[in-house]
Amino acid sequence: MWRDPGAPADSFYETRPECTDVPKSKFRIKAGKTLSARKWHAAFSPEGYLDIGKTLGRIHRGGIHPSIRGEVWEFLLGCYDPKSTFQERDEIRQRRRDLYNTWKEECRILFPLVGSGRFITAPAVAEDGTQCLDPLVLLEKNPENGPVVLQDVTPPSYLEKITDKRIIQWMLTLHQIGLDVVRTDRTLVFYEKKENLSKLWDILSVYAKIDSDVGYGQGMSDLCSPMIILLNDEADAFWCFERLMRRLRGNFRCTANTVGVEAQLSNLATITQVIDPKLHQHIEQIGGGDYLFAFRMIMVLFRREFSFCDSLYLWEMMWALEYDPDLFWMYEEADDKSEEFKGRMKSLRHYGKYERENMKNGGKNGEDPPFPISVFLVASVLKEKSAILLQQAKGLDDVVKILNDVNGNLDAKKACMAALKLHKKYLKKAKNP
């Protein structure tokens, strides 16, 4: 279907007509600024080598055309090495698809609803391993795709008790995933098709199984949903999500005493203390020194603060700014990390602008890794609202209310540019306090 190149980008992600209160996208596809399919394909050599330096500037200036967004994201997230050939990427893609299908089959053997087009929103197992549902009966009584309907909630006593604690833990998350899936991006026409809801549930269920240290955490469905919309193949969408989780899994890693995201909230406090000491002091005085009010922004990368389309635009700008050409090799677990690959791209233009700034200031070589740009994005929102927070915030409820007012009113490009400026300012002040 032809679309006006200057049309609002959210026309590519259709919203259900009854959802009239959805924020409108501020992002427009702009000729000469947005990375177009023509410019993207021109960045490849005949063998398939990608000169990614030709694309990063366009992405952070004007985003990515929705028609190529999925394949560009695969490079930005480190699924593929820019200096690989078409053939090498085809081989990697097939190998990963096979591996995903193997993992999915292992999950199906444990719980037959995986891969069936159906999913649960009620517990499958009790904490002691007693099975609450018979998946084979559920399949028989629910021939249609989507969430299964429970007609008989009597625990099936004929099923054996599960004793493996890891399997119990995994099965305890399956209905939690289902509950989140039915709430995720429900304003989009895409999710009117129940098979798409099931695909989201399958990917998150498989991920929870293979990354048992993290499992599933609320918010992951918001991070995974765009991958399914952008990439037709379920396995490709899974690997794109898995690469994103490489960056973010620390936020979801919880122990009895700590929540993973606390490290990023602590970084946010550090930045605010340097950039705006008055605001930091005020936040501490009203009991917000742990910065938990910013929890959601960091956990789901501003999915709630922007329209669906603008949040994708924000993500790709962040990833382009943070881009490191060694990303693929940093994530690969294969032992064959030869010097040939390590030394292929050392030109600074192949790094994102934010990453170059960190390198210039020694951030890549220090003991502590540099803060992600997402933390500076949150800090820039606090900085913009500083005067209002100082005048009106008498308690944490006021802080939350003031920050909620930004929902749907932020401009993704301006927010990214503000984060870059704040980053520079922070590095300067941190060097010369």
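The values are calculated or read from the model by the stated rules, or taken from the named source; none is laboratory data. Bear in mind that the values here come from a model prediction, so they are computed numbers and not experimental data. With ideal geometry, Cβ positions are generated from the backbone for all residues, glycine too; neighbour counts draw on all protein chains shown. In case anyone asks, the SASA skips ligands and DNA or RNA and just uses the protein heavy atoms, side chains included. Shrake-Rupley method; radii C 1.70, N 1.55, O 1.52, S 1.80 Å.
Mean separation of Cα pairs under 8 Å and 6+ residues apart, divided by the residue count of region 88-254: what relative contact order is that in percent?
Value for region 88-254: 23 percent.
Do the sum for the chain: with -39,500 (n - 2.57) for every DSSP H run of n ≥ 4, divided by all residues, what is the mean residue ellipticity at 222 nm, to the nearest 500 deg cm²/dmol?
-16000 deg cm²/dmol
Note the listed values (i) 84, 66, 44; (ii) 69, 61, 47; (iii) 94, 69, 31, then indicate which one is Cα extents along the principal axes in Å calculated from this particular structure.
(ii)
Using 0.36 nm per residue of separation minus the Cα-Cα distance, give me the extension gain between GLU144 and SER386 in nm, one decimal. If you can, show how the numbers build up before the last one.
Values: separation 242, 0.36 × 242 = 87.12 nm, distance 5.17 nm.
Here the answer is 81.9 nm.
Which percent, to the nearest 5, of DSSP beta bridges fully inside the chain are antiparallel?
If I count the DSSP bridges inside the chain, around 60 percent turn out antiparallel.
Where in the chain is the longest stretch that carries no GluC sites (Glu not before Pro) classed as loop by DSSP and with at most 15 other Cβ atoms within 10 Å?
Result, exposed sites excluded: 161-331.
How large is the charge dipole for the chain, taken about the Cα centre, if only the Cβ atoms of Lys, Arg (+1) and Asp, Glu (-1) carry charge, to the nearest 20 debye?
Roughly 2200 debye for the chain.
What distance in nm lies between label points placed 7 Å from Cα along the C-beta direction at GLN169 and ASP90?
A separation of 4.1 nm, rounded to one decimal place.
Apply 1/(1 + (r/R0)^6) to the Cβ-Cβ distance of LYS33 and LEU159, taking R0 = 35 Å, and write down the FRET efficiency to the nearest 0.05.
Using R0 = 35 Å, I get an efficiency of 0.05.
Kindly report the accessible area of region 394-433 per residue (heavy atoms of protein chains, probe 1.4 Å, no ligands, DNA or RNA), in Å².
Heavy-atom SASA per residue in region 394-433 reads 62 Å².
Identify, among SER386, SER311, ASN407, the residue whose Cα sits farthest towards the positive end of the charge dipole of the chain, taking +1 on the Cβ of Lys and Arg and -1 on the Cβ of Asp and Glu, with the dipole about the Cα centre.
After comparing all options, I get SER386.
Treating the beta-carbon of each Lys and Arg as +1 and of each Asp and Glu as -1, no other charges, what is the dipole magnitude of region 161-227 about its Cα centre, to the nearest 20 debye?
240
Please compute the modelled spin-label separation between ASP411 and ASN101, points set 7 Å along Cα→Cβ, answer in nm with one decimal.
4.8
Quick one: what are the phi-derived ³J(HN,Hα) couplings along region 229-238, Karplus 6.51/-1.76/1.60 with θ = phi - 60°, whole Hz, x for glycine and proline?
Per-residue couplings from phi come out as 6, 8, 10, 5, 7, 4, 5, 4, 5, 4 Hz.
Hey, what did the chain get for relative contact order, percent, Cα under 8 Å, at least 6 apart?
Answer for the chain is 17 percent.
Under 15 Å from a label point 7 Å along Cα→Cβ of ASP398: give me every residue in region 270-290 with its amide N that close.
The answer is 279-289.
Residues with amide H under 5 Å of LEU188's amide H, sequence separation 5 or more or different chain, H placed in the peptide plane at 1.01 Å from N; which?
Under 5 Å from the amide H of LEU188: ARG16.
Set the Förster radius R0 to 30 Å, insert the Cβ-Cβ distance between CYS254 and LYS54 as r into 1/(1 + (r/R0)^6), and round the FRET efficiency to 0.05.
Details: r = 41 Å, r/R0 = 1.37.
The calculated FRET efficiency here is 0.15.
Label ALA122 and MET359 with points 7 Å out from Cα along Cα→Cβ: what is the distance between them in nm?
5.6
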